[in-house]
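Every read-out reported here was derived from the displayed coordinates using simple, explicitly stated rules and does not represent laboratory data. None of these values were measured; they are calculated from a predicted model. Using ideal geometry, Cβ is built from the backbone for each residue, glycine included, and neighbour counts are taken over all protein chains shown.
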Amino acid sequence: MTKTQIWTSVFLGLFILLFFLQQLTKQEEVKSPPAMKENYPEETVTQELNGMQLINSFGCITCHGGDLKGSPKAPTLYGLNENYSRDKLINYLRNPNSFMDSDRFKEFKEKYKNVIMPSYNNRDVKDLGKMADYLLTLQ
Ligand code: HEC
């Protein structure tokens with residue numbers, strides 16, 4: 001082989017090597033996104049919902065109406081700040097039965113005879129607090 005032939009083959013060899021290296025890294029790129037995706041569900045679970053989103057996800061709207069202004073099943077959730085402080089509202093959500101003695105609730109019982117406001121005492125108090133904060137802004 002002449003010197004020129006040797007250099008040519010060296011360069012060719014280098015090019016082939018580079019080509020394979022490129023192919024290898026390409027494959028890795030293709031592989032990495034699914035690996036990252038595995039983390040996504042966890043992120044969505046730990047992502048915090050705000051008060052309004054919590055109210056939607058807890059299903060309050062199925063009884064209190066899509067706009068929370070009441071339905072034939074349950075009263076409006078507007079103007080709660082006339083009767084509730086934040087703590088009182090959280091307590092109510094955890095144990096609605098303990099409020100039944102007041103006249104307002106006797107009226108509710110008459111009006112929404114077959115519907116029972118569920119108690120949310122098994123829920124995270126932090127979430128109940130966020131919902132209470134949001135509800136108390138509704139005027
Ligand atoms: C199954 C139907 C239903 C669901 C679901 C429901 N509620 Fe109620 N809610 C009622 C009824 C009925 C009342 C009226 C009181 C009673 O009869 O117990 C009420 C009363 C209330 C009151 C008291 C209103 C007042 O003027 O004192 C608040 C506050 C309330 N609900 C908040 C919520 C929130 C927040 C959610 C979701 C986390 C929710 N409710 C889900 C049926 C429901």
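The table below gives the values:
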quantity: Selected residue [on the phi > 0 side of the Ramachandran plot and surrounded by 14 or more Cβ atoms within 10 Å (Cβ to Cβ)] from Leu68, Leu136; calculated: Leu68
quantity: Per-region count, segment 71-85, residues loosely packed, with under 14 Cβ neighbours inside 10 Å and more than 7 Å from the ligand (Cβ to nearest atom); calculated: 4
quantity: From the options Tyr120, Tyr134, Tyr78, residue that is in a helix (DSSP H, G or I) and hydroxyl-bearing (Ser, Thr, Tyr); calculated: Tyr134
quantity: Pair list, Cβ < 8 Å and 6+ apart or interchain, from segment 102-117 residues that are surrounded by 11 or more Cβ atoms within 10 Å (Cβ to Cβ) to residues that are outside any loop (DSSP other than H, G, I, E, B); calculated: Phe105/Phe99; Tyr112/Ala74; Val115/Cys63; Val115/Ala74; Met117/Cys63; Met117/Ala74; Met117/Pro96
